[in-house]
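Structure, as structure tokens:
The values are calculated or read from the model by the stated rules, or taken from the named source; none is laboratory data. Please read these numbers as outputs of a predicted model, since none were measured by experiment. Neighbour counts are summed over all protein chains in view; Cβ atoms, including those assigned to glycine, are modelled from backbone coordinates with ideal geometry. For accessibility, only protein heavy atoms count, side chains too; no ligands or nucleic acids. Shrake-Rupley method; radii C 1.70, N 1.55, O 1.52, S 1.80 Å.
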Amino acid sequence: MEWDKSMGIALVVDDSKTILEMLAKCLVQDGLTVMTATNGTDAMAQLDIQTPDIIVLDVVLPDRSGFEICRDLKAEESTSSIPIIICSTKDTDMDKFWGKKQGADAYLTKPIDQAELSKTVKQLIGH
């Protein structure tokens, strides 16, 4: 599939600066503009400023769980249609099931495979 360089905006939420930078770099290479947040409060503030085309969300955050944030965003009419990829070190079937139950569109485990991340983003927002 041909990658459209005007793909849009991604919001990446992770409390690890290293992972945040790695994910952002990968998404930028794929032609996305990237906004970042290190906790749930930051993420919600970013959403007030700009609606992203996709959200990449960690589960373990300092203030709120990514599952909680995902559920809230999917329940809110203005953000319910934004695809959410949960990225977590939690990789049991139960975690994945729970992520999907909260409304996540995809669930990737850390360490993130950049090719898999690119492929998943393209599937969720590709034109």
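Element breakdown for the chain at a 1.4 angstrom probe: carbon and sulfur atoms account for 50% of the accessible area. Placing F67, F97 in order of accessible area, with the largest value first and a 1.4 Å probe, yields F97, F67. Farthest towards the positive end of the charge dipole of the chain, among the residues S118, A37, L23, is the Cα of S118, using unit charges on the Cβ of Lys, Arg, Asp and Glu. Helical runs (DSSP H, four residues minimum) scored at -39500 (n - 2.57) apiece and divided by the length of the chain put the mean residue ellipticity at 222 nm at -13000 deg cm²/dmol. Remark: the E68-S80 segment gains 3.0 nm on full extension, using 0.36 nm per residue and subtracting the alpha carbon distance. Close amide H partners of L108, meaning residues 5 or more places away or on another chain with modelled amide H under 5 Å apart, are I86, C87, S88.
In debye, nearest 20, what is the charge dipole magnitude of the range 23-127 about its Cα centre with +1 on Lys and Arg Cβ and -1 on Asp and Glu Cβ, if you could check? Let's see the in-between values first.
Values: 11 positive and 16 negative charges, 53 e Å.
With only Lys, Arg, Asp and Glu charged at Cβ, the dipole is about 260 debye.
Heavy atoms of the protein chains alone define the surface here; on that basis the chain has 52 Å² accessible area per residue at 1.4 Å probe size.
With the cut-off at 15 Å, report for the range 54-127 the share of all Cα pairs above it, as a whole percent. Result for the distance tail: 51 percent. All Cα-Cα separations within the chain were binned at 10 Å from zero, giving a P(r) of 14, 51, 33, 3, each value a whole percent of the pairs.
Please report, ordered by residue number, every helix of the chain (full DSSP H runs) that is 24 Å or longer along its axis going by C-alpha atoms and whose mean Kyte-Doolittle hydropathy reaches -0.5. Write out the running numbers ahead of the final one.
Working: long enough: none.
Span-like helices, by this rule, are absent here.
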